Amino acid sequence: MPATPLSDVRGRVEAGEFELSPDVQLAVVSRIDDLITAVTAANRALSKLPQPAVPEAAAKMASLYYISGHGWQRYLADNSQASTVGSAVRGAMQIGVAALVAQLSNILESGQPAPVTRRGDKAFSLPCAACGGDAVTLSKAATSPVEPEQLVVSSLSPVTVFRPVAGPRMGDVIALLEAGNAAAVVAHLRETQPGGCDAFCEKCNRLFCRDHYAIEAQWSGSWHEATYVTCPLGHEHEID
Ligand SMILES: [Zn+2]
Ligand SMILES: [Zn+2]
């Protein structure tokens, strides 16, 4: 394998440059190996002929952000001796990722924004920019036979799994769905719903599904602190 900034940092860690304890050194090397594997796989997916394998590349990017995300940062913060190596790894990773992000962004740019998909009588979905699968599903459902129907909107959150829309707003969203305008549905949810539309990345103006976001819930014991999602282009936002 050719030398890369990540394999270079890996060599420095193994040579003992960062003076880590044996178990921390082992953990850091194994994490760098995971990053190298993800970068290599994303590269391979984007170089596929005759066409790049976009969903696969986006999934590898998401796994890259996940394994270098908040959990890893927290581990490094808990091991004061690991903070220097942490920034060395981060720097090396950013170099490796920049070219991938540029390439993926170009490919996504050339794609058409997909319309709303109808899923039977009572359900719709908004497509993922990377794979065309369901980024958001919106289904009419009643929680009990005596309750009026609500529009149940899926969420990326492991804590708030669904976000219902009821009352007059529901009619507005359904009208936009019937008209097939995914962008207008997203804008409406973002304006009127406290949870917004969590599958929407504001920074690149795209929707992604849960396979194509790195989703990281932060827990302190059984207390849910926050959930962060990062799109395949590396944009992070907090969803709850
Ligand atoms: Zn997807
Ligand atoms: Zn984005």
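Some points to look at:
- When PRO55 is tested against (1) out of contact with any Cys (no Cβ under 9 Å at 6 or more places or on another chain); (2) within 30 Å of CYS128 (Cβ to Cβ); (3) part of a helix (DSSP H, G or I), just one condition goes unmet, and that condition is (1).
- Single residue of VAL229, VAL185 found to be away from ligand 2 (no atom under 16 Å from the Cβ) and in contact (Cβ under 8 Å) with a residue 60 or more places away in the chain: VAL185
- Condition check for VAL153: within 16 Å of ligand 1 (Cβ to nearest atom), over 12 Å from the mean Cα position of the chain (by Cα), outside the structural domain of VAL101 (by TED's automatic domain parsing) and of a type in the set (Val, Ile, Thr): no
- The range 206-226, subset touching a Pro at 6+ places or on another chain (Cβ under 9 Å) and not hydrophobic (A, V, I, L, M, F, W, C), residue farthest from ligand 2 (Cβ to nearest atom): HIS224
- Members of the range 213-233 that are more than 16 Å from ligand 1 (Cβ to nearest atom), assigned to a loop (DSSP other than H, G, I, E, B) and either of a type in the set (S, T, N, Q) or surrounded by 15 or more Cβ atoms within 10 Å (Cβ to Cβ) (or both): SER222
The values are calculated or read from the model by the stated rules, or taken from the named source; none is laboratory data. Bear in mind that the values here come from a model prediction, so they are computed numbers and not experimental data. Counting neighbours? That spans all protein chains shown, and the Cβs are built from the backbone with ideal geometry, glycine included.
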